[in-house]
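Heads up: the structure comes next, in structure tokens.
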Amino acid sequence: MVLKRGQSLDPSKKTQEAKKPSLASQNTPHTPPAHNQNAQYPSHQTLQNKNPLKEQSDSQKNSLKHSDSSHFDPKNLSLLNQEMQPEMQNLSSHAIQENDKGKDPQTIQEIDELYGEEFGDLGNAQKDFIRNNLRNIGRITQQYLSYPRVAAYFEQSGINAVEFYLHPNGDITDLKIIKSSGLKSFDNATLNTIKIAYKDYPRPQQKTLIRIKVTYSYFGF
């Protein structure tokens, strides 16, 4: 919209064009028109504020600002923290549990299979001993293990699991099979082997529950 001074914006108020001054009127002194205080003309500041390009630019900035704020506000991380907090807690809890069972993947797997959730109920000294010595106890047991003749004759294989309490003086108590191989010959061989091999086991500072797996694998010659 272009505003021209001297023209009314209201089409109903059309004024007649001013007559051209005659030669006689040129000799008369010119009287300036009286200033109409009620007349309002747009100031320079008003025209500047109503710049359509600037208004469009400001509206685009505001729209971008609102769209960005609804998406992500770097100054307000509470929403992000609330969304990621459960996931971070799960990852942190999983990492703590894995470190609690040792850094060796095989040891972690054996503890999961043999102890399960019961491992968390043990004392710190007992956990440390199991983490550091469970595989060693299994190797010592395997060294004393002899293959039953009946199972070898029938070319049988199997796995069983056993538990016992290992005491600081080296004694063992409550020795029993907790997972049978399905063959009595293998289960009896495991119990008899531990009764011989326990004297070479490392000794804990506290009475500790030990669980190990014993594997019988037959390879024909």
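How many nm is it between the label spots at I172 and D200, if each spot is 7 Å from the Cα in line with the beta carbon?
1.3 nm
Determine the gain in length on full extension of the stretch E117-F154; use 0.36 nm per residue of separation and subtract their C-alpha separation, reporting nm with one decimal.
Details: separation 37, 0.36 × 37 = 13.32 nm, distance 3.76 nm.
Length gained, E117 through F154: 9.6 nm.
Which percent of Cα pairs goes in each bin when the distances of segment 104-188 are cut into 5 angstrom slices starting at zero?
Over segment 104-188, the share of Cα pairs per 5 Å bin runs 3, 11, 19, 25, 19, 12, 7, 3, 1, 0 percent.
Hey, quick one: spin label on K213, modelled 7 Å out along Cα-Cβ, who in segment 128-153 has an amide N within reach, i.e. under 20 Å?
Under 20 Å, as judged by backbone N against the label point of K213, lie 130-148 of segment 128-153.
In cubic angstrom, how much convex hull volume per residue do the alpha carbon atoms of segment 156-215 span?
For segment 156-215, the hull spanned by Cα atoms encloses 70 Å³ per residue.
Hey, with R₀ at 25 Å, roughly what FRET efficiency would Y144 and Q109 work out to, going by the Cβ-Cβ distance, to 0.05?
For R0 = 25 Å, the calculated efficiency reads 0.60.
Throughout, read-outs are computed from the coordinates displayed, never taken from laboratory work. What you see is a predicted model, and the numbers here were worked out from it, not measured in a lab. Backbone-built Cβ (ideal geometry, glycine too); neighbour counts: all protein chains shown.
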